[in-house]
Amino acid sequence: MYTWGNLRGRGLRVLISIASSSAFLLFGYDQGVFAGLIGGDGFKETFDNPSTKTVGLVTAIYEIGCFAGAILTFYIGGMLGRKKAIWLGLFIMMIGTILQTSAFGVGHMIVGRIVTGIGNGINTSTVPMYQAETTKARSRGRMISIEGWFITIGITISYWITWGTSTHPDPSIQFRTPIVLQALFGIVTAILLFGLPESPRYLMVTDRKDEALEVLAALEGESTTHPEVVKQYTLINNALQVEAGAAAGGKVTWRDYFKGGKPQTFRRLCLAYGIQMMQQLTGINAVIFYSAYLLQNVLNLERDLSLIVGGCTGLTFFVFTFIPIWFIDSWGRRKPLMFGAAGQAISMLLIAVLVKLSVEDDNKPAGVAAVVFIMVYIATYSGFAWVATPWLYPTEISELRFRNQGTALATSANWLWNFVVVMITPLGAENLGWKFFLIFMCFNACFVPIIYFLYPETAGKTLEELDGLFYETTHAWKLTQKGSHADIDLMAGGAMGGGSTTDEENDMKLGAAEHVAKA
């Protein structure tokens, strides 16, 4: 197995994190770059002063492409594997970038946006899964939070590049340069992947057990006979055997997706879908995509000033998304999400009130305060891990045999609801004004009890151990303990069987140990 510089252990895991973060930097840049372009003279002149409805369509159609990419991953991700799927996504994104950069008509730009979106949908379905499956349980949250931080780096870079090109006399340079620069991040990610291993869990699913064992050893920096490597191999193998035993003939059928019982497969898929849907209904992408538009048209700031303030919101993202990197594995997933949703609801309420005072009463201090609370909202959203956790959680709770499909389904929810939010934002801001923010206030307030009652804690547990959580109880508020449960006999499948170890399960364990010994 080839790796860059023959890296093993921690160095290899760090390089995987760098590659994953590079992919999400591209994601963030692509998310933010259009926000500053749609109000610029270059964009308006090139596309013949498009209407508000057309601007909304051109911007939001990207999400439809991403949705299609996620659905495509649902069907082909299991065949391609993690690395090939990411390569495919990057290749498609490069084609989309070329189409967008060369666009002179609205139809041409829409096609480019859709194609770029398909590639990004594949990558956002696959990259968090690849990262989570190659990371230690104790630092899984931190690694995905770093990916989330790189989303904000991408957004920040896009804001300031857009501002830097906004005064160029050539209209084409104004909007084509920021778009074409995203290709750089895609090329870096594609190159890094050549020297990285495939996910060991994917290799196990596809019965490439010798390769999986070698990758597990490389990730640990140990030999294939090391006790920790043997333990991980056996855990994954037993989880697969138990899951396969629950499926008809060992194969996944459509009926399996809707099963309840001890595995709670359908519930897991609903939770994965729900967390990504909630991320979009917080209203964050209404702020990201249309920050400059909202400031210019709702608060009546000048174009240049609105771009600068938009850049500052990107910097707020950048600073506060760094915070969860340090606490997400100790605080867990539930508490930050609940505190964040509560803070976001309060911020949206205050933004609505202040925008009303600013617009209707011509109260300039209220307008300044509204901008401040937009940044407070972003700081709360990013500081309490709403950037990263919805991308991590679906991978954590999905069964291994359903992980590709579960993660892809959850990602499709993100992009579908992203499309809805981005499509309605210009019309909502134009027709409802300050009242538009109250819609997101209500959503955020509802998310607090939803997370408390429905979403179990997942921090610090191995992906295989998380299977055991759903065999224990359906009451999420009882599953708040963080860290690994060493007393659960996952090695023998006890946690998944809900009782004593059977002869069949012991045979599974012995078979796994014999395979390691032969290797």
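The values are calculated or read from the model by the stated rules, or taken from the named source; none is laboratory data. Just so it is clear, the structure is predicted and the values come from calculations on it, not from any experiment. Neighbour counts are summed over all protein chains in view; Cβ atoms, including those assigned to glycine, are modelled from backbone coordinates with ideal geometry. Note: areas computed on protein heavy atoms with side chains; ligands, DNA, RNA excluded. Shrake-Rupley method; radii C 1.70, N 1.55, O 1.52, S 1.80 Å.
Consider GLU63 carefully, then state whether it is in contact with a Phe, Trp or Tyr (Cβ under 8 Å, 6 or more places away or on another chain) and acidic (Asp, Glu).
yes
In the range 324-374, what residues are without any contact (Cβ under 8 Å) to a residue 60 or more places away in the chain, crowded, with 24+ Cβ neighbours inside 10 Å and polar (S, T, N, Q)?
If the condition is that a residue be without any contact (Cβ under 8 Å) to a residue 60 or more places away in the chain, crowded, with 24+ Cβ neighbours inside 10 Å and polar (S, T, N, Q), then SER347 is the only one that fits.
Could you check the range 310-388 for helices (runs of 4 or more DSSP H) lying wholly inside it with 3 or more residues that are of a type in the set (A, V, I, L, M)?
334-360, 364-383
Determine which member of the set GLY81, GLY36 is in contact (Cβ under 8 Å) with a residue 24 or more places away in the chain, buried (at least 22 other Cβ atoms within 10 Å of the Cβ) and of a type in the set (Gly, Ala, Ser).
The conditions single out GLY36.
Looking at the range 410-422, can you tell me whether even one residue there is open to solvent by 60 Å² or more (accessible area, probe 1.4 Å) and free of Cβ contacts under 8 Å to residues at least 24 places away in the same chain?
no
Tell me which residues, restricted to the range 39-58, are part of a helix (DSSP H, G or I), open to solvent by less than 20 Å² (accessible area, probe 1.4 Å) and touching a residue at least 60 places away in the same chain (Cβ under 8 Å).
Scanning the range 39-58 gives GLY42, PHE43, VAL55, GLY56.
Just wondering, is there one or more residues in the range 120-127 that are in a helix (DSSP H, G or I), touching a Cys at 6+ places or on another chain (Cβ under 6 Å) and open to solvent by less than 10 Å² (accessible area, probe 1.4 Å)?
yes
Return the residue satisfying two criteria in turn: it lies in the range 212-235 and is touching a residue at least 12 places away in the same chain (Cβ under 8 Å) and polar (S, T, N, Q), and of such residues it is most open to solvent (accessible area, probe 1.4 Å).
Result: THR225.
Which condition does ILE191 not pass, out of (1) at pLDDT 90 or above; (2) surrounded by 17 or more Cβ atoms within 10 Å (Cβ to Cβ), if it passes all the others?
Of everything listed in (1) at pLDDT 90 or above; (2) surrounded by 17 or more Cβ atoms within 10 Å (Cβ to Cβ), ILE191 misses just condition (2).
Condition first: more than 16 Å from PHE27 (Cβ to Cβ) and of a type in the set (Phe, Trp, Tyr). Now tell me which residues in the range 69-118 satisfy that.
PHE74, TYR75, PHE104
Those residues that are open to solvent by less than 10 Å² (accessible area, probe 1.4 Å) and among the charged types (D, E, K, R), I need them from the range 84-119; list them, please.
Result: ARG113, single match.
With open to solvent by less than 40 Å² (accessible area, probe 1.4 Å) and part of a helix (DSSP H, G or I) as the only criterion, which of LEU15, LEU72 stands out?
LEU15
Which pairs have Cβ atoms under 9 Å, sit 6 or more apart or on different chains, and link a residue in the range 424-442 that is on the phi < 0 side of the Ramachandran plot and assigned to a helix (DSSP H, G or I) to one that is open to solvent by 80 Å² or more (accessible area, probe 1.4 Å) and β-branched (Val, Ile, Thr)?
What qualifies is MET441/ILE346.
Got a number for residues in the range 309-323 being open to solvent by 40 Å² or more (accessible area, probe 1.4 Å) and in contact with a Phe, Trp or Tyr (Cβ under 7 Å, 6 or more places away or on another chain)?
The qualifying residues number 1.
Tell me which residues, restricted to the range 420-444, are hydrophobic (A, V, I, L, M, F, W, C) and modelled with pLDDT under 85.
VAL422, MET423, ILE424, LEU427, ALA429, LEU432, TRP434
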